[in-house]
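Right, one structure below, let's go through it.
Each value in this text was obtained by applying a stated rule to the coordinates, not by laboratory testing. None of these values were measured; they are calculated from a predicted model. Here the Cβ positions follow ideal geometry from the backbone for every residue, glycine too, while neighbour counts run over all protein chains shown.
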Amino acid sequence: MPAFFTPDEYAVVVAVCERLIPADDQPGATDAAVADYIDTLLGAFSFDPPRIWAVHPRRSEFHPLTPLDELAWRTRIEGSLGRPERELNGPTVGWQQRYRDGVAALGADFGRVDEDEQKRRLRADRDFLMLVHQHACEGMYGAPAYGGNRGLVGWANSGFEGDVQPRGYTDAEVSGP
Amino acid sequence: MIADQDFDAIVVGSGPGGSTVAEVLTAAGWSVLIFEKGRNHLIDLADPTRLLTDYSNDELKFISRHFLGPDPWLEPRTFRAGEDRGDREHIGEANNLPSTVGGGGVHADGKLPRFLAADFRMRSDLGPVDGAAVEDWPVDYDEMEPFYADAERIVGVAGDADANPFAAWRSGPYPMPPGAPMYGAVRSTASAEKLGLHPYPGPTGANSVPYDGRPACNNCGFCAYYGCPIHAKGDPVAPLQRALLTGRCELRPETFVSRVLVTNGRATGVEYVDRDGVTRTETATRAVVLAGGAVETPRLLLLSGFEHPLIGRHLMCHFQTMVMGIMLFRTHPHRGRAVTHMHDDHLIGDDASRAAAAAAGLPWLRGGMVEHCGPGAPVMESRTYPWGRRHKEMMRESPMRDHMWGFTMQGEDLPQPTNRIDLDPTVRDIRGFPAMRMTYRSHAMELAASRHYAPTLAAVLEDMGATQTMVATSPVPDGPYGGYLSPIPNSKHVVGTVRMGTDPSTSVLDPWGRFHDVPNLMVADSSGFVTSTGYGPTLTIVALAIRNARALASS
């Protein structure tokens with residue numbers, strides 16, 4: 001079960017991510033579980049500690065948040081929701097609401113329409129497209145601890161070795177071609 | 001926890017300046033209380049021999065999610081490109097340095113050059129510039145040299161004393177030899193030399209061999225913007241550890257100092273907000289030292305009601321000129337210490353630079369240190385390519401990362417009185433205090449220097465075999481807000497807002513970093529800098545902190 005999305009929303013997000021980063025002869029966003037990354041981010045506070053800062057890039061342990069950190073991240077994710085302590089310098093629409101609205105506008109049939117129609121719908125809301133594009137890139141090429149980059153397929157595709165601690169690189173690997 | 005007592009000194013900020021002061025004062029027998037507004041991810045405060053393992057090689061944690069702070073929602077800053085632009089043009093991040101135990105030392109890739117002798121006497125050597133208050137420093141290089149040498153030993157700097165022909169004299173070698181050169185730098189230094197430039201291994205605060213009980217750097221590549229997971233970097237861990245181990249030092253993270261208390265011309269302590277949001281005070285019997293950086297220190301002074309008209313003025317950030325090339329070969333810029341080589345040629349005037357200055361109507365121009373570097377982060381890279389069918393192919397070809405190499409010139413920025421930090425009239429931080437507002441616009445000198453030197457850097461890349469070169473600057477004066485390149489300078493080398501000098505009418509601090517009219521209140525960060533130079537400020541922050549804290553301890 002997704003942590004935040006309904007199953008129908010989740011299916012649309014999977015299709016959106018696959019349109020942004022489609023599989024070719026190498027795995028794409030669906031293979032990398034990019035939608036799970038976004039779902040985990042939006043549902044970060046359904047975990048304890050919240051899934052904001054991973055202790056290690058490849059493990060599922062997370063740093064506890066201070067009350068101030070929690071306030072900032074809840075505001076970012078859930079929005080200010082009319083609560084005075086979250087409206088320090090004005091109201092904020094959270095990512096959850098932006099996804100709920102953005103996914104609804106793309107239509108429940110998004111995954112079934114053709115590529116041109118998908119692109120047309122995505123381009124109809126530039127702000128939402130920029131948000132989901134940023135998150136899709138994070139989910140594809142970020143550390144796997146956050147739910148995306150499954151099987152390290154994002155790093156493998158881009159020739160990036162990712163976290164190499166504790167081995168690091170030898171001097172020859174640094175200084176040679 | 002130290003038993004209920006008054007401290008000899010209170011230090012505000014645990015970055016390179018504050019940590020160094022804490023080490024010097026505790027070594028002199030003083031008791032010291034350090035306030036730090038950020039979280040502690042560096043050192044076990046119950047057992048300072050133990051270092052924490054919170055840092056990791058994670059682009060999302062450090063770049064996207066503000067792990068080192070400050071969170072721009074909790075501590076917004078505002079920006080405008082001039083007083084003619086209304087109250088503000090931007091709210092959010094503006095030139096943020098980490099807010100965490102260890103401060104800016106944690107995230108830096110640790111390029112730690114000394115300044116040139118000429119940097120301390122720009123007014124005498126080069127003369128005034130219209131619109132800027134170019135002055136000599138109240139200290140010269142010969143006096144600074146032993147403190148630079150101590151700073152290099154305290155932090156642990158790797159370098160080659162003979163490699164830079166423009167460097168000032170030194171009393172001895174670097175504590176460590178240079179680490180492994182990055183492949184891109186092997187290629188770019190060869191081309192730079194061919195074109196008559198003088199590249200050298202950049203003095204680096206990352207251990208090339210085990211040093212001071214910490215291991216050698218293993219080249220993992222997550223250096224600039226990251227905390228070091230194995231503590232091989234010259235962050236302020238060593239001075240903090242030594243201060244805490246004296247038993248005379250207490251460090252309080254997550255505390256925000258909101259007011260410096262002054263009575264009858266003496267600093268007596270501070271008012272602060274603790275982690276539970278409760279306002280408290282602490283007393284210092286001998287001195288208060290401010291080391292929150294060149295943004296937070298003037299902000300605190302203004303919050304405290306200090307009235308010297310120059311507080312916050314002469315804000316300087318390096319003008320960055322980024323010249324990048326796409327190479328036919330793989331540069332793997334994600335391996336190694338982010339930057340291993342630099343050259344200083346563009347800090348040294350010649351006939352061509354004098355002609356360019358004259359053509360721009362300027363008495364002189366000056367660039368800055370040039371870092372040989374490439375972009376190493378794949379999430380950032382992926383956002384530069386179009387989405388859709390070609391996206392993954394672009395990531396495999398990687399023109400914007402694994403085939404890219406180039407230069408960042410950290411250009412000297414002139415001290416303009418109109419560039420300044422003050423308090424935003426309405427925007428507040430989470431604790432209810434006015435946000436810092438930055439008013440900043442580049443001087444014609446920075447733009448002329450950037451235009452003059454960029455073609456030389458592009459020519460080096462062409463000699464390396466670049467198929468395409470591109471030039472970008474930060475700030476982009478009059479550019480749009482919202483992106484990475486905007487009117488807000490990206491350089492983290494922020495200096496000059498509480499300047500030192502001998503004359504109380506043209507400076508806030510005396511030549512020892514203390515307020516002319518409050519002699520037991522000292523500044524130990526880059527706020528006191530008189531000019532920006534073209535070099536990273538950290539080693540000079542540390543060297544000045546050693547000099548001024550020793551003088552304070554013996555006063």
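Overview of values
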{"quantity": "Test result for A:Leu81, away from every other protein chain (no Cβ under 12 Å), among the hydrophobic types (A, V, I, L, M, F, W, C) and at positive phi", "calculated": "yes"}
{"quantity": "Selected residue (only one of B:Leu74, B:Leu60 is in a loop (DSSP other than H, G, I, E, B), out of contact with any strand residue (DSSP E or B) (no Cβ under 7 Å at 6 or more places or on another chain) and more than 27 Å from B:Thr540 (Cβ to Cβ))", "calculated": "B:Leu74"}
{"quantity": "Search result, residues across the range A:122-177 that are under 26 Å from A:Arg100 (Cα atoms), facing chain B (nearest Cβ under 9 Å), touching a Phe, Trp or Tyr at 6+ places or on another chain (Cβ under 8 Å) and surrounded by fewer than 21 Cβ atoms within 10 Å (Cβ to Cβ)", "calculated": "A:His133"}
{"quantity": "The range B:23-40 - residue that is closer than 18 Å to B:Ser99 by Cα and crowded, with 22+ Cβ neighbours inside 10 Å and, of those, farthest from the chain's Cα centre (by Cα)", "calculated": "B:Leu33"}
{"quantity": "Residue match in the range A:90-109 (condition: of a type in the set (Val, Ile, Thr), surrounded by 19 or more Cβ atoms within 10 Å (Cβ to Cβ) and under 20 Å from the mean Cα position of the chain (by Cα))", "calculated": "yes"}
{"quantity": "Yes/no for A:Arg59 being loosely packed, with under 15 Cβ neighbours inside 10 Å, within 14 Å of another protein chain (Cβ to nearest Cβ) and not in a helix (DSSP H, G or I)", "calculated": "yes"}
{"quantity": "Residue in the range A:84-104 that is nearest to the other protein chains (Cβ to nearest Cβ), counting only those that are touching a Lys or Arg at 6+ places or on another chain (Cβ under 8 Å) and in a loop (DSSP other than H, G, I, E, B)", "calculated": "A:Asn89"}
{"quantity": "Residue list for the range A:45-56, filter: among the hydrophobic types (A, V, I, L, M, F, W, C), more than 10 Å from chain B (Cβ to nearest Cβ) and within 21 Å of B:Gly38 (Cβ to Cβ)", "calculated": "none"}
{"quantity": "Filter pass, A:Arg76 being under 16 Å from B:Trp73 (Cβ atoms), loosely packed, with under 15 Cβ neighbours inside 10 Å and of a type in the set (D, E, K, R)", "calculated": "no"}
{"quantity": "Members of the range B:36-51 that are within 16 Å of B:Arg252 (Cα to Cα) and either within 14 Å of chain A (Cβ to nearest Cβ) or in contact with a helix residue (DSSP H, G or I) (Cβ under 9 Å, 6 or more places away or on another chain) (or both)", "calculated": "B:Glu36, B:Lys37, B:Gly38, B:Arg39, B:Asn40, B:His41, B:Leu42, B:Ile43, B:Leu45, B:Pro48"}
{"quantity": "Criterion: at negative phi and touching a Pro at 6+ places or on another chain (Cβ under 8 Å) - qualifying residue of B:Met438, B:Met409, B:Met394", "calculated": "B:Met394"}
{"quantity": "Those strands (runs of 3 or more DSSP E) lying entirely in the range B:315-425 with at least 2 residues within 14 Å of chain A (Cβ to nearest Cβ) and of a type in the set (Val, Ile, Thr)", "calculated": "B:339-343"}
{"quantity": "Options A:Ala72, A:Ala15, A:Ala32: the member that is outside any loop (DSSP other than H, G, I, E, B), under 19 Å from A:Leu131 (Cα atoms) and within 11 Å of another protein chain (Cβ to nearest Cβ)", "calculated": "A:Ala72"}
{"quantity": "Only one of B:Ala435, B:Ala458 that is more than 23 Å from the chain's Cα centre (by Cα) and surrounded by 16 or more Cβ atoms within 10 Å (Cβ to Cβ)", "calculated": "B:Ala458"}
{"quantity": "Sole exception among (1) in contact with a Ser or Thr (Cβ under 8 Å, 6 or more places away or on another chain); (2) buried (at least 19 other Cβ atoms within 10 Å of the Cβ) for B:Thr283, by number", "calculated": "(2)"}
{"quantity": "The range B:497-527 - residue that is crowded, with 20+ Cβ neighbours inside 10 Å and of a type in the set (Asp, Glu) and, of those, farthest from B:Met316 (Cα to Cα)", "calculated": "B:Asp510"}
{"quantity": "Qualifying position, being over 30 Å from B:Pro128 (Cβ atoms) and among the aromatic types (Phe, Trp, Tyr), among B:Tyr481, B:Tyr440, B:Tyr453", "calculated": "B:Tyr481"}
{"quantity": "Hits in the range B:340-353 - residues which are buried (at least 22 other Cβ atoms within 10 Å of the Cβ) and among the hydrophobic types (A, V, I, L, M, F, W, C)", "calculated": "B:Met342, B:Leu347"}
{"quantity": "Candidates B:Gly293, B:Gly336, filtered to the one that is in contact with a Leu (Cβ under 7 Å, 6 or more places away or on another chain), crowded, with 24+ Cβ neighbours inside 10 Å and touching a residue at least 12 places away in the same chain (Cβ under 8 Å)", "calculated": "B:Gly293"}
{"quantity": "Sole residue being over 17 Å from the mean Cα position of the chain (by Cα) and among the aromatic types (Phe, Trp, Tyr), chosen from B:Phe306, B:Phe319", "calculated": "B:Phe306"}
{"quantity": "Helices (runs of 4 or more DSSP H) lying entirely in the range B:97-205 (those with 2 or more residues that are more than 30 Å from B:Leu52 (Cβ to Cβ))", "calculated": "B:122-126, B:141-155, B:183-194"}
{"quantity": "Test set (1) out of contact with any Pro (no Cβ under 6 Å at 6 or more places or on another chain); (2) acidic (Asp, Glu); (3) touching a residue at least 60 places away in the same chain (Cβ under 8 Å) - B:Asp84 fails condition number", "calculated": "(3)"}
{"quantity": "Test: B:Glu59 is more than 10 Å from chain A (Cβ to nearest Cβ), over 15 Å from the mean Cα position of the chain (by Cα) and charged (D, E, K, R)", "calculated": "no"}
{"quantity": "Qualifying residue in the range B:433-444 (condition: free of Cβ contacts under 8 Å to residues at least 12 places away in the same chain and within 14 Å of another protein chain (Cβ to nearest Cβ))", "calculated": "no"}
{"quantity": "Pairs with Cβ under 6 Å, 6+ apart, first in the range B:358-377 and within 30 Å of A:Ser158 (Cα to Cα), second of a type in the set (Gly, Ala, Ser) and not in a loop (DSSP other than H, G, I, E, B)", "calculated": "B:His372/B:Ala185; B:His372/B:Ser188; B:Gly374/B:Gly184"}
{"quantity": "Qualifying residue in the range B:224-232 (condition: within 14 Å of chain A (Cβ to nearest Cβ) and in a strand (DSSP E or B))", "calculated": "no"}
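Residues are listed down the side, and each one gets a yes or a no for (1) within 14 Å of chain A (Cβ to nearest Cβ); (2) within 22 Å of the chain's Cα centre (by Cα); (3) crowded, with 22+ Cβ neighbours inside 10 Å:
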site	(1), (2), (3)
B:Ala132	no, yes, no
B:Pro138	no, yes, no
B:Ala180	yes, no, yes
B:Ser188	yes, no, yes
B:Pro203	no, yes, yes
